[in-house]
Amino acid sequence: MIAGELYNPLDQELFQDRLCAKSLCKKINDLDPTKLDERVDLLKELFQTDHNVFVEPDFYCDYGYNIHPGKNFYVNHQCVILDCCPVNIGDNVMFGPGVQVLTADHPIHAQDRISGKEMASPITIGDNVWIGGGAILLPGVTVGANTVIGAGSVVNKDIPNNVVAVGNPCKVNKEIED
C-alpha cells in the first residue's frame, strides 16, 4: 500500500487498523468541545505525533498513522484525509472547512477495479500553506511552501512554492511576493 502498488483493502490487518482509526475519530468527534486537552491527546494518538494539532469535529481518516503533521496544524470542520499513503504536512498549515486529502486511488481498467484492489500515492504539503474550504487534493500531489489553494479547488497536479492557485483543475493564479 505504502509503495503505491495494488493492495487489498480488505486485508485483515488493514481492516483492523481502519477500525481503530475510526474509533478514535468517533471519540474526537463526539468529545465535548470544552475538553480541548483530551482532544489534543486523542489526535496525538491518532496521528502518532508529539506535535500539538487542532482539529475541529467532524474529522475522518482511514488510518491516522500515515498523517504526519508539522507544528501548528489547524483543521476546520468536516475534513476527510484518506491516508492510505503518507500525507506529509509542513509547519503552520491550515485547512478550511470541508477539505479532502485523498491518497487512495482505483485502477482505470474495469477488470482491475472489479478485483477490489486499490492503490495510493502520497501527498505532500509544504510549510505555511493555507488550503481553502472545500478544496480537494488528489493522489500524488505536492503543494509547495507558502502557497494558498483557493476554496473549492481540485488539485490534480503539483503546485509550486509561493503562489495562489485556484480552480478545477487548480492552476496558479498569481505569485506571492515577499
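The values are calculated or read from the model by the stated rules, or taken from the named source; none is laboratory data. Remember, it's a predicted structure, so these values are computed and weren't measured experimentally. Cβ sites come from the backbone with ideal geometry, for glycine too, and all protein chains shown count toward neighbours. Ligands, DNA and RNA are excluded from the accessible area calculation, which covers all protein heavy atoms including side chains. Shrake-Rupley method; radii C 1.70, N 1.55, O 1.52, S 1.80 Å.
What to note about this one:
- Counted residues, the range 160-178 - those being open to solvent by 70 Å² or more (accessible area, probe 1.4 Å) and more than 15 Å from ILE125 (Cβ to Cβ): 8
- Positions within the range 89-111 being modelled with pLDDT under 95 and open to solvent by 70 Å² or more (accessible area, probe 1.4 Å), in sequence order: HIS106, ILE108, HIS109, GLN111
- Within the range 64-88, considering residues that are open to solvent by less than 10 Å² (accessible area, probe 1.4 Å) and either under 20 Å from ASN156 (Cβ atoms) or aromatic (Phe, Trp, Tyr) (or both), the one farthest from the chain's Cα centre (by Cα): PHE73
- Note on the range 27-42: among residues that are outside any helix (DSSP H, G or I) and modelled with pLDDT of 95 or more, the one that is most open to solvent (accessible area, probe 1.4 Å) is THR34.
- Scanning the range 6-24 for residues that are farther than 16 Å from LEU43 by Cα and in a helix (DSSP H, G or I) yields a count of 5.
- Matching option when the condition is in contact (Cβ under 8 Å) with a residue 24 or more places away in the chain and open to solvent by 10 Å² or more (accessible area, probe 1.4 Å), among ALA135, ALA145: ALA145
- Among the residues making up the range 43-53, those that are open to solvent by 40 Å² or more (accessible area, probe 1.4 Å) and either more than 20 Å from PRO122 (Cα to Cα) or assigned to a helix (DSSP H, G or I) (or both) are LYS44, GLU45, ASP50, HIS51, ASN52.
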